[in-house]
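In what follows, a structure is listed as structure tokens, so that the remarks can point back to it.
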Amino acid sequence: MDGTFPLIESMRYLISISFRFGLILLHSFVFVQLTIAATYSVGTGYPFTSIKAAIDIATAGDTVMVYGGVYAEGNIIIAKSISLIGRDWPVLDGQHKYEVLSVKADHVLITGFKIQFSGHASLDDPCGIKVYDSQYVDIIGNELNDNFFGIYLQYSKDCIIRDNKIHSSGTEEQQIGNGIHCWKSDSLQIIGNTISGHRDGIYFEFVKNSVIWRNISHDNIRYGLHFMFSNDDAYITNYFHHNGAGVAVMFTNGVKMFNNTFKDNWGDAAYGLLLKEISDSYIFNNKFIGNTSGIFMEGTNRIQVEKNIFKDNGWGMKIQASCMDNEISRNNFVRNTFDVSTNGTLVLNTFDHNYWDEYEGYDLNKDSIGDIPYRPLSLFSVIVEKNPPTMLLYRSFIVTLLDRSEKMIPTLTPDNFIDEVPSMQAIPL
Amino acid sequence: MFNKIQKFILFDILKNRIVIAYTLLLAVLAWSVFSLEDDSNKGVLTLLNIVLLTTPLVSIIFTTIYLYNSAEFIELLLSQPVRRSKIWAGLFLGLFFSLGLSFMIGAGIPILLFVAGRTAFILLVMGILITAIFVSLGFLCTILARDKARGIGIAILLWLYFSLLFDGLVLFLLFQFADYPIEKVMVVVSALNPIDLARIFIILQLDVSAMLGYTGAIFKDFFGTGLGAVLGFLLLCLWAVIPYLISRRLFIRKDL
């Protein structure tokens, strides 16, 4: 009988386990029953024909599924934590009068809509989608056409704006709003959007701890990205091209700018990247190609500019004398009209290990560092900074001659504006 | 259009080794510039420098030397029943066409191949005009000095003045009057030098004009519009015509 006792014991054990498991199953079933959210379908041939009516019925956690068609319902307000999902690209039309979608609740999802024709008014800034004081709002995969402002977030936190296409056909700055406008917000993720034809593609003011990643912002009237008073943000792998004035980052500290491309921002007042009153930031691995000025720096302190490419720009970098303790190292300067220029004689920034395509030195000990220092500042660029009309002599013989003689015996250019250890080969980037 | 004298001079010059060398020089420079630069806009800028330096130099020096060397030929022609103005015109057209042709063959072909429409057109027109202007100035130099060395000296000085000294003066003026709004005055001043005028004309065609800033904008407002462009073109034509007319007047009255 030695063997029966354990058998009974194990059977009892099994029974108890299955009982417990059944209880758990029962529990979970009840739980699921309680939390399975309702889905309200809107569209021709569905229970609802109006989005507003469906939202009225819905409670927190419900889904409003909108099927293809044109919905001109004026201002739709979402004040509940619901998901608003478009199927077959339903069109929400603001008829040039209303703000199309207003989000006034946390945990809202908006996806799959075409949102168009919001009103135009400079007092209350009507938008395609506006988020008021909310958290965890996800705006994903929508198309916004010809709205005054595209997506507007104010006092919001932890929101995701992803994969939207935002286009407008603005012609004048004051008659059009921004593509993605964020104000006094925190922890936002702006990812993979394409923005064109707005005043500023992406606008950040008082936004903290946020990331702007993989967006394309082009052909906007003013800036591709406009950044003010927004500390500790990062923008990574974005593509800014053909914007009226490039990208502006102002009055901010702790910005990380990685891997972006600034291209073809060309014009009288256009910059690849305009930095004004920036400190403690990091500019790494970006490409500045074909801009009037690649980077324009003013009142900029303690910035590292590392491993960037400056190519085919009018000015690679314009560093005003108000800049201090910036480190410009390991960048490639290729085919710029002027690699660097400055407006004073005071130089408090350092250059090292950059590659300058106009460097004519040699490397006897083969350590791929040029044996003689390089002075990136040409005499003509100094003259032009002092007296802009002299740009009239651009490409004239006398200028070539002056530059040549200055390169041999530097007299007028500041003598500490120098790369002591220029790189012999382009840095592989 | 061509009479016998012109034809004779034209073919005489076309066979000239210097002219052939000049054509080759332009060709080598232009082809190498365009094959080295990926961006044709930058190529234009580099070529611009070369064109604005070599074309005037070769045009004025060659014209002067050629005229001095054909003094006996001219005297021979004068003994024939031909009007003096006709001889002078024949010489001018012969020199202008041959040097212009060199420019078109040497620089024109690569320019047409590598540069987009409008810019190429302006660049060629400017090259031809600069050739005409400096041939015409060469005529003036020759007639001003009977002595060959002096004449060539004047030619070199003129070239130096227009391509270097004048810009130095402009630079000086710009700094002296830095506190005054002299942008509009500069438009007038630049008209006093055909090389500057041509250079600005071409730069305004290119993207880099955005780099010229406020002054550039004023120039663009002026030379960029139809009327300004026509005016600039006429100014350059005047630069070609007036020295020639003065030299012709002197030639007709000259006691040879």
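Just a few scattered comments:
- Test for B:I128: is it facing chain A (nearest Cβ under 10 Å), in a helix (DSSP H, G or I), under 17 Å from the mean Cα position of the chain (by Cα) and at pLDDT 85 or above: no
- Of the criteria (1) farther than 22 Å from A:I161 by Cα; (2) in contact with a helix residue (DSSP H, G or I) (Cβ under 6 Å, 6 or more places away or on another chain); (3) hydrophobic (A, V, I, L, M, F, W, C), which one A:A54 fails: (2)
- Flag for B:F134 being more than 17 Å from B:A71 (Cβ to Cβ), out of contact with any helix residue (DSSP H, G or I) (no Cβ under 7 Å at 6 or more places or on another chain) and assigned to a helix (DSSP H, G or I): no
- Exclusive hit being within 22 Å of the chain's Cα centre (by Cα) and within 12 Å of another protein chain (Cβ to nearest Cβ), set B:S190, B:S209, B:S247: B:S190
- Test for A:S169: is it in contact with a strand residue (DSSP E or B) (Cβ under 7 Å, 6 or more places away or on another chain) and of a type in the set (S, T, N, Q): no
- One residue stands out in segment A:321-354 among those that are more than 14 Å from chain B (Cβ to nearest Cβ) and on the phi > 0 side of the Ramachandran plot: the one that is surrounded by the fewest Cβ atoms within 10 Å (Cβ to Cβ), namely A:D325.
- Segment A:96-126, residues that are more than 27 Å from the chain's Cα centre (by Cα) and either in contact (Cβ under 8 Å) with a residue 24 or more places away in the chain or surrounded by 22 or more Cβ atoms within 10 Å (Cβ to Cβ) (or both): A:H96, A:Y98
- Of all residues in segment A:267-277, those being within 14 Å of chain B (Cβ to nearest Cβ) and either surrounded by 21 or more Cβ atoms within 10 Å (Cβ to Cβ) or among the small types (G, A, S) (or both) number 5.
- Filter pass, B:F201 being more than 10 Å from every other protein chain (Cβ to nearest Cβ), closer than 14 Å to B:L52 by Cβ and surrounded by 20 or more Cβ atoms within 10 Å (Cβ to Cβ): yes
- Some residue of segment A:396-409 being within 14 Å of chain B (Cβ to nearest Cβ), of a type in the set (K, R) and surrounded by fewer than 20 Cβ atoms within 10 Å (Cβ to Cβ): yes
- Residue count for segment A:305-317, restricted to those that are within 14 Å of chain B (Cβ to nearest Cβ) and surrounded by fewer than 24 Cβ atoms within 10 Å (Cβ to Cβ): 3
- Residue list for segment B:215-230, restricted to those being away from every other protein chain (no Cβ under 14 Å) and either part of a loop (DSSP other than H, G, I, E, B) or loosely packed, with under 15 Cβ neighbours inside 10 Å (or both): B:T225, B:G226, B:L227, B:V230
- When segment A:250-273 is filtered for residues that are part of a strand (DSSP E or B) and in contact with a Ser or Thr (Cβ under 8 Å, 6 or more places away or on another chain), the ones remaining, listed by number, are A:T252, A:N253, A:K256, A:M257, A:F258, A:Y271, A:G272.
- Options B:L99, B:L140, B:L157; residue that is surrounded by fewer than 22 Cβ atoms within 10 Å (Cβ to Cβ) and either more than 14 Å from chain A (Cβ to nearest Cβ) or farther than 22 Å from B:K42 by Cα (or both): B:L157
- Checking each residue in segment B:160-182 for being surrounded by fewer than 17 Cβ atoms within 10 Å (Cβ to Cβ) and among the charged types (D, E, K, R) picks out only B:D179.
- Residues located in segment A:48-60, provided they are farther than 17 Å from A:D88 by Cβ and surrounded by fewer than 20 Cβ atoms within 10 Å (Cβ to Cβ): A:S50, A:K52, A:A53, A:D56, A:I57, A:T59, A:A60
- Scanning segment A:58-75 for residues that are over 22 Å from A:A37 (Cβ atoms) and out of contact with any helix residue (DSSP H, G or I) (no Cβ under 9 Å at 6 or more places or on another chain) yields A:G68, A:G69, A:V70, A:A72, A:N75.
- Unique match (being polar (S, T, N, Q) and within 14 Å of another protein chain (Cβ to nearest Cβ)) among A:N286, A:N231, A:N291: A:N291
- Filtering segment B:172-181 to residues that are within 7 Å of another protein chain (Cβ to nearest Cβ) and not small (G, A, S) leaves B:L174, B:F175.
- Candidates B:L47, B:L53, filtered to the one that is crowded, with 22+ Cβ neighbours inside 10 Å, at negative phi and within 14 Å of another protein chain (Cβ to nearest Cβ): B:L47
- Taken over segment A:359-395, the residue count meeting the criterion of being exposed (fewer than 13 other Cβ atoms within 10 Å of the Cβ) and within 7 Å of chain B (Cβ to nearest Cβ) is 0.
- Count - residues of segment A:278-304 that are more than 16 Å from the chain's Cα centre (by Cα), of a type outside the set (F, W, Y), buried (at least 17 other Cβ atoms within 10 Å of the Cβ) and part of a strand (DSSP E or B): 9
- Restricting segment B:1-56 to residues that are in a helix (DSSP H, G or I) and of a type in the set (F, W, Y), the residue that is modelled with the lowest pLDDT: B:F8
The values are calculated or read from the model by the stated rules, or taken from the named source; none is laboratory data. All of these numbers come straight from a predicted model, not from anything done at the bench. No Cβ is skipped: glycine too gets one built from the backbone with ideal geometry, and neighbour counts run over all protein chains shown.
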